[in-house]
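Q: The structure is given below, and queries will be raised subsequently.
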Amino acid sequence: MRLEKVTPENYEAALKLSVRPDQEDLVGPVVKSLAEAYVFPDIAWPRLIFDGDRLVGFLMAFLDYAWGDNPDDVRSGLWKLNIAADAQGKGYGRFAVEAVCAEIRARGGNRAYVTWVPREGGPEDFYLKLGFRPTGEQSEGETVAVLDL
């Protein structure tokens with residue numbers, strides 16, 4: 001498994017990535033994430049996840065983002081995670097989280113944040129198994145969690 005930058009050669013394949021239909025309310029499509037990366041270039045870190053030559057997912061981290069109204073509360077973490085519907089349950093999500101954590105550590109960070117929609121069938125169990133713990137905060141109705149690195 002490896003990460004690659006989104007390029008003119010691979011972006012069209014990235015736009016075709018889709019999660020399962022029952023997950024579409026949990027994460028936006030890749031095209032929206034790429035638009036956000038364009039609008040927020042100083043904090044967005046978009047990457048494609050490949051297994052060999054096969055594109056299996058997309059992730060986007062947020063790096064050094066001033067959280068809320070406190071400019072001293074600067075956070076980094078996983079912003080988006082889209083694993084292709086037919087590629088789920090094979091370790092790609094874990095790989096993506098570990099890759100984001102490695103990037104945060106390489107930049108001197110010691111915590112990784114994530115948010116999720118708190119609903120049945122959502123990703124809460126996945127993130128809890130990876131060691132994230134809820135902070136008690138909400139962000140736009142989503143649970144905020146942190147992982148000490």
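The values are calculated or read from the model by the stated rules, or taken from the named source; none is laboratory data. Just so it is clear, the model here is predicted, and its values are computed rather than measured. Using ideal geometry, Cβ is built from the backbone for each residue, glycine included, and neighbour counts are taken over all protein chains shown. The accessibility values were calculated without ligands, DNA or RNA, using every heavy atom of the protein model including side chains. Shrake-Rupley method; radii C 1.70, N 1.55, O 1.52, S 1.80 Å.
Q: Identify, by number, the condition in (1) out of contact with any Phe, Trp or Tyr (no Cβ under 9 Å at 6 or more places or on another chain); (2) without any contact (Cβ under 8 Å) to a residue 24 or more places away in the chain that ASP148 doesn't meet.
A: In the conditions (1) out of contact with any Phe, Trp or Tyr (no Cβ under 9 Å at 6 or more places or on another chain); (2) without any contact (Cβ under 8 Å) to a residue 24 or more places away in the chain, ASP148 misses (2) alone.
Q: Sticking with this structure for a sec: Tally time: how many residues in segment 68-94 are more than 15 Å from the chain's Cα centre (by Cα) and not in a loop (DSSP other than H, G, I, E, B)?
A: Matching residues across segment 68-94 total 4.
Q: So which residues in segment 28-83 are of a type in the set (Val, Ile, Thr), in contact (Cβ under 8 Å) with a residue 12 or more places away in the chain and farther than 21 Å from GLU12 by Cβ?
A: Within segment 28-83, just ILE43 meets the criteria.
Q: Which residues, counting only those in segment 67-94, are closer than 20 Å to PHE40 by Cβ and open to solvent by less than 50 Å² (accessible area, probe 1.4 Å)?
A: TRP67, ASP73, ARG75, SER76, GLY77, LEU78, LYS80, LEU81, ASN82
Q: Then there is this: For LYS5, only one of the following conditions fails: (1) surrounded by 15 or more Cβ atoms within 10 Å (Cβ to Cβ); (2) among the basic types (Lys, Arg); (3) modelled with pLDDT of 95 or more. What is its number?
A: (1)
Q: Right, next: Give VAL56, VAL6, VAL19 a once-over and let me know the one that is part of a strand (DSSP E or B), in contact with a strand residue (DSSP E or B) (Cβ under 8 Å, 6 or more places away or on another chain), more than 21 Å from THR135 (Cα to Cα) and of a type in the set (A, V, I, L, M, F, W, C).
A: Sole residue among the options that is part of a strand (DSSP E or B), in contact with a strand residue (DSSP E or B) (Cβ under 8 Å, 6 or more places away or on another chain), more than 21 Å from THR135 (Cα to Cα) and of a type in the set (A, V, I, L, M, F, W, C): VAL56.
Q: Looking only at segment 131-149, count every residue that is in contact with a helix residue (DSSP H, G or I) (Cβ under 8 Å, 6 or more places away or on another chain) and more than 24 Å from PRO21 (Cα to Cα) and tell me the total.
A: Total satisfying the criteria: 3.
Q: Next question. Starting from segment 108-122, keep only residues that are within 11 Å of VAL144 (Cβ to Cβ), then list their pairs with residues that are open to solvent by 30 Å² or more (accessible area, probe 1.4 Å) and hydroxyl-bearing (Ser, Thr, Tyr) whose Cβ atoms are within a distance under 6 Å, requiring at least 6 positions of separation or different chains.
A: Sorted first by the residue in segment 108-122, then by its partner, the pairs are THR115/SER139.
Q: Could you check, for segment 32-39, whether at least one of its residues is open to solvent by 50 Å² or more (accessible area, probe 1.4 Å) and either under 23 Å from ASP125 (Cα atoms) or not in a helix (DSSP H, G or I) (or both)?
A: The answer is no, given that none of the residues of segment 32-39 is open to solvent by 50 Å² or more (accessible area, probe 1.4 Å) and either under 23 Å from ASP125 (Cα atoms) or not in a helix (DSSP H, G or I) (or both).
Q: Here is a follow-up. Restricting segment 99-147 to residues that are of a type in the set (Asp, Glu), out of contact with any Ser or Thr (no Cβ under 6 Å at 6 or more places or on another chain) and within 21 Å of ALA44 (Cα to Cα), which is surrounded by the fewest Cβ atoms within 10 Å (Cβ to Cβ)?
A: Out of the qualifying residues, it is GLU140.
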